[in-house]
1. Against the definition (among the charged types (D, E, K, R) and at pLDDT below 90), how does K36 come out, yes or no?
2. Which numbered condition in (1) within 17 Å of T263 (Cβ to Cβ); (2) of a type in the set (G, A, S); (3) without any contact (Cβ under 8 Å) to a residue 12 or more places away in the chain is the only one that G405 fails?
3. Residue under question is I158, and the condition is that it be closer than 29 Å to W412 by Cβ, aliphatic (A, V, I, L, M) and surrounded by fewer than 24 Cβ atoms within 10 Å (Cβ to Cβ); does it hold?
4. Between a residue in the stretch 641-653 that is part of a helix (DSSP H, G or I) and any residue that is modelled with pLDDT under 80 and surrounded by fewer than 19 Cβ atoms within 10 Å (Cβ to Cβ), which pairs come within a Cβ distance under 6 Å, given they are 6 or more apart or on different chains?
5. For the stretch 379-396, give me each residue that is within 18 Å of F411 (Cβ to Cβ) and touching an Asp or Glu at 6+ places or on another chain (Cβ under 6 Å).
6. Go through the stretch 504-518 and count every residue that is of a type in the set (D, E, K, R), modelled with pLDDT under 90 and part of a strand (DSSP E or B).
7. Condition first: farther than 30 Å from A160 by Cα and among the charged types (D, E, K, R). Now tell me which residues in the stretch 272-318 satisfy that.
8. From the set of residues in the stretch 164-182 that are touching a Gly at 6+ places or on another chain (Cβ under 9 Å) and part of a helix (DSSP H, G or I), which is surrounded by the fewest Cβ atoms within 10 Å (Cβ to Cβ)?
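The values are calculated or read from the model by the stated rules, or taken from the named source; none is laboratory data. This one's a predicted model, so the numbers in the text were calculated from it and none came from an experiment. Every residue, glycine as well, gets a Cβ built from its backbone with ideal geometry; the counts of neighbours run over all protein chains shown.
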Amino acid sequence: MRNNLAQLPLYLFCCLSLWIFFTEMAMSRSTTIPVKVGVVLDMDTWLGKMGLGCISMALSDFYASHGHYKTRLVLEIRDSKRDVVGAAAAALDLLQNEEVQAIIGPASSMQANFVIGLGHKAHVPIISFSATSPSLSSLRSQYFVRATLNDSAQVPAIRAIVKAFGWKQVVLIYMDNEYLNGVIPYLTDALQEIDTRIAYRSVIHPLATDDQILEELDKLKSMPTRVFIVHMFTPLGPRLFTRANEIGMMEEGYVWILTDGLTDILSTLNDSVIDSMQGVLGVKPHVPRSKQLESFKIRWKRKSQQEHPTNENSELNIFGLWAYDAASGLATAVEKLGATNFSFQKSDTHRNSTDLDAVGVSQIGPSLLQSILSTRFKGLSGDFQFFDSQLRSSAFQVVNVIGKGERGVGFWTPENGTVRKLHSTSKANLGTIVWPGESPSVPKGWVLPTNKKKLRIGVPVTKALTEFVKVTRDPSTNATEVTGFSIAVFDAVMAALPYAVPYEYSPFQTPDGDPAGDYDQLIYQVYLQKYDAVVGDTTILANRSLYVDFTLPYTESGVSMIVPIIDRRRRNAWVFLKPLTWDLWVTSFCFFVFIGFVIWILEHRVNKDFRGPRSHQVGTIFWFSFSTLVFAQKERIVSNLARSVVIIWLFVALILTQSYTASLTSMLTVQQLNPSITDINELIKKGERVGYQKGSFVREFLIEWMKFDNSKLVIYESSEELDELFSNNSSEGGIAAAFDEIPYIKLFLAKYCPKYTAVGPTYKFDGFGFVFPKGSPLVADVSREVLNVTEGAKMLQLEKAWFGQTPSCPELTSSVSSNSIGLNSFWGLFLIAGVASFVALITCITTFLYENRDALINLNPPSSIWRKIKAMATRFDDKDLRSHTFRKSDKLPDKGHQGHGCSYSLASYTNFPPSSSSLLIPTHSNFAFFREQGTPSFGHCDPVNPNRPMSPHILFEYELANIN
């Protein structure tokens, strides 16, 4: 009894605490604001059940961790019953009768199309976590919020996979549904960017029977393309792979790529379906691991087993995660609005109004929409944030179906492309992939059609230059044999392929063995699917590539002109002028005169050989300059400046004369084999006849591009016929020139190179190539092997085998060179000689003016410029007695020497300073005559008459005589 009384206070305390707790709970409930939110899902599907369960768990978790929030979402659940009308009716009921502020759902894109319109009318946000079709974006409704990824977000990941393995053709398989095929235009454009062609589009109805599915798969199996991209949902997707496995389309060589519609639910498929999908690749949004996600998965699994114990495929997928995050995001957005008037404004109704007219407008709709779009948090599926009213895409995971499930082999991110690890910057790898048929090697993506045992290869039939393609028929067996250089190259290329391609040659001929058409008609047969390829000397042309695909060329390209060779040795009287061009002749003459004048200037004052009467000096200039041409100059050069000029000029003259001699000798003795015609315009202007090979595109080239008259074109079929046409004159039915492709020209010149040559210009074309149908997967592999064959020794062996040892013939040139030597070959030498001469001339004149600067300054009276020039010219015409050339022969008397009773000394003049020319030099029998002007500073006597004093203004003419 005492113990009970002692514990009584404790009991009272506990009761009081419980009473206070329940009181606060009741008060908190009475103060929260309920906000109605509609949920429209297909309740009889696993997606609907999973979505509703995740939404409920999201709200329970959200308010458990945010108990102090004032708002509470109240779910109003409606079943859309897998029907578009049912979804619209459910949404209309929620808006009209329950006045919900937002709707989560519906599940499919087709249902969302109608519901989005109702939400837009009522200003109620429609939040879908599973409507992924890109077509919904075209509705342009601002009240549609896509809490999932747009299907087009996965297109770059699929494109990266196709590009990584080099597949050039794919087949699209998708469900015949308006919203499921919304991604197809995006996928088509993306594949075109990497030069991958969509060979076929297989559209299967959602309710197609197994027989209809098998019929479509049989059609796909008969095609050469083996890369399939599948975009569909359950239950059609699993049925497709089950039937494909039954008919052998999951064996080695096939490639299957799944979009996220099937990849996301791989874990929910039963074992028999997974067994039929071994080796399939798929892409799905990457969900980063987190403790919150792992905890949720455990709780979800426990709840799912309790609520759906009979459902074996109760796996959680990304749509459930998006449903969880969408509910959490909506609860956050509503709470940010706080205590707001969550009501509808009723519209005016009348007797004839419909249920749509009775739908009110949410007062809080615009604000709630902005709050939803601005909500950001870390959700179960990753970063939850909206961009352009839909979730922003991040990384996609690439998975491979192996064993009982899937295994990740890499990732795709917008920043790094396909990578093996998510945060790696290496772009070159994915993990090891096990392809269908448990093959470790990458499938090439195509095979030969199953309805064809061998490729039918068309070959041209022609009589001209059969070294390329030659078709012969055995009369006894009527068997046809195809040989030639082109055939040998194609056989070598096909033998080098890493896989076997059976084929047979089929000549393009009539029953009589004649050609069935020209090369254009033969190539067009590939476009008409009568031939699988064409092998021969077929030129790659732009207009032909519109209908077929060409491999890389296996011969060099171009069209050039063939003309006869003639001997043009010069035999006329003026042949000696031909070695040099006229510009070089004129330049040489001018330089000869210029060099002679420069030498005269440099030597005139110091060299007797360059003095004398005017006519004598002019003759000396020309004689000296031209005598250097044959090194016959006799004049002695005493000036160092002149010597430097002469040395350089003699070197120029040596090179010039030796070149002239060699060129003239070549013209007179060596046979000059030159083309008869070098200008195509000359052919057109004169109306000459030209030839072309029968069946060649060269005819169109000559008419349309070169503007030749059709009446001037002559056809030939063989090398012998072309030689015969050249033998006749153009006026007698022959031709003056022929146009053909480089490979044919080389063969023709190999037979007739002494008689003919090829002249340019060469018009570029792409050479000979092999022809395949448009988009053929063989083109890339064959082109690769063409490079290997043409770059190796194999090509040389084939050329020698079919063309023999090519004789030494002149190379093809784009122009004909002249035998005359032009100024371009000597302008450097002339430049050096000219610069040296100018430098020497300027140095000489500058030195002279410097030595006589006082004479210019002291002219009395002050003189004009012309008088100064005249005085300097007169002074320059005098000898320079200070030069060493005059000191030995002209001995000067000592100062104050007496002669004939007269005293002589240096004279001082007013206008001229003392110089060697101002000395009075008397002798016994010889004397010097002076020309002087001025007054002597002291008495002199006349050298002729010693007793007569010299007048101040007497002018003396002097000339040095034999002075001893």
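1. Values: among the charged types (D, E, K, R): yes; at pLDDT below 90: no.
Criteria not met by K36.
2. Going through the list (1) within 17 Å of T263 (Cβ to Cβ); (2) of a type in the set (G, A, S); (3) without any contact (Cβ under 8 Å) to a residue 12 or more places away in the chain, G405 breaks only (3).
3. Working: closer than 29 Å to W412 by Cβ: yes; aliphatic (A, V, I, L, M): yes; surrounded by fewer than 24 Cβ atoms within 10 Å (Cβ to Cβ): no.
Here the answer is no, as I158 does not meet what is asked.
4. What qualifies is A653/L629.
5. Result: S381, single match.
6. Going residue by residue through the stretch 504-518, those that are of a type in the set (D, E, K, R) are 504, 512, 514, 518.
Retained after the next criterion (residues that are modelled with pLDDT under 90): 512, 514, 518.
Okay, now just the ones that are also part of a strand (DSSP E or B), so none.
Looking only at that region, the number is 0.
7. Across the stretch 272-318, the qualifying residues are K291, E294, K297, R299, K301, R302, K303, E307, E312.
8. Initially, the stretch 164-182 is screened for residues touching a Gly at 6+ places or on another chain (Cβ under 9 Å), giving 164-170, 175, 180.
After this cut, where a residue has to be part of a helix (DSSP H, G or I) as well, the list is 164-165, 180.
Working: A164: 19, F165: 15, L180: 25.
The residue in question is F165.
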